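Report on the following structure.
The values are calculated or read from the model by the stated rules, or taken from the named source; none is laboratory data. Note that the structure is predicted; figures quoted are calculated from it, not measured. Quick reminder, even Gly has a Cβ in these numbers, built from the backbone with ideal geometry, and neighbours come from all protein chains shown. Calculation scope for accessible area: heavy atoms of the full protein, side chains included, ligands and nucleic acids excluded. Shrake-Rupley method; radii C 1.70, N 1.55, O 1.52, S 1.80 Å.
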Amino acid sequence: FNKFAFTWRLNKFELWCNGIKIISDTSGNVTTGFNQIDFKRSNGTIPFFSKVKSVALWKTALTDEQCIALTTL
C-alpha cells in the first residue's frame, strides 16, 4: 500500500507519497464549492480502478512536516 497526501491553497499545490514530496506547483487557483472527491479526471474520463483503505479531508492545508508524518510508511 502507498500513502498519499495532496495539499492546495492559492498558488501552492503539492502531492506527497510515502513521506516524500513528489510534485509541487506554485501557480493556480483554488476551486470553490468543493463538496465531493472523484477518483477520475475532471472531464470524467479515465476512472480510478483500485482499492482505497481511507480518505480524509482537512479544512486547512497541512504543513510539510504534517504531510511527512501522515504519509510515511
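Pairing each residue of the range 61-73 that is touching a residue at least 60 places away in the same chain (Cβ under 8 Å) and at negative phi with any residue that is in a loop (DSSP other than H, G, I, E, B) and open to solvent by 70 Å² or more (accessible area, probe 1.4 Å), provided the two are 6+ apart or on different chains, yields C-beta distances under 9 Å for Leu70/Lys3; Thr71/Asn2; Thr71/Lys3; Thr72/Lys3; Leu73/Phe1; Leu73/Asn2; Leu73/Lys3. Selection of the range 10-21 for residues being farther than 19 Å from Thr72 by Cβ and open to solvent by less than 70 Å² (accessible area, probe 1.4 Å) yields Lys12, Phe13.
Within the range 53-69, the set of residues being assigned to a loop (DSSP other than H, G, I, E, B) and either charged (D, E, K, R) or in contact with a helix residue (DSSP H, G or I) (Cβ under 8 Å, 6 or more places away or on another chain) (or both) comprises Lys53, Lys59, Leu62.
Kindly check whether there is at least one residue in the range 3-17 that is over 15 Å from Leu57 (Cα atoms), more than 13 Å from the chain's Cα centre (by Cα) and in contact (Cβ under 8 Å) with a residue 12 or more places away in the chain. Yes: the range 3-17 contains one or more residues that are over 15 Å from Leu57 (Cα atoms), more than 13 Å from the chain's Cα centre (by Cα) and in contact (Cβ under 8 Å) with a residue 12 or more places away in the chain. Quick check on Ser50: is it of a type in the set (Gly, Ala, Ser) and in a loop (DSSP other than H, G, I, E, B)? Yes; evaluated as a whole, the condition is true for this residue. For the range 35-73, the set of residues classified as within 15 Å of Ala5 (Cβ to Cβ), in contact with a Lys or Arg (Cβ under 7 Å, 6 or more places away or on another chain) and open to solvent by 100 Å² or more (accessible area, probe 1.4 Å) consists of Leu73 only.
Applying the condition of being open to solvent by 80 Å² or more (accessible area, probe 1.4 Å) and either in a strand (DSSP E or B) or out of contact with any strand residue (DSSP E or B) (no Cβ under 9 Å at 6 or more places or on another chain) (or both) to the range 22-34 and asking which residue is modelled with the highest pLDDT yields Ile22. Taken across the range 5-27, residues that are among the β-branched types (Val, Ile, Thr) and farther than 20 Å from Ala69 by Cβ do occur, with at least one present.
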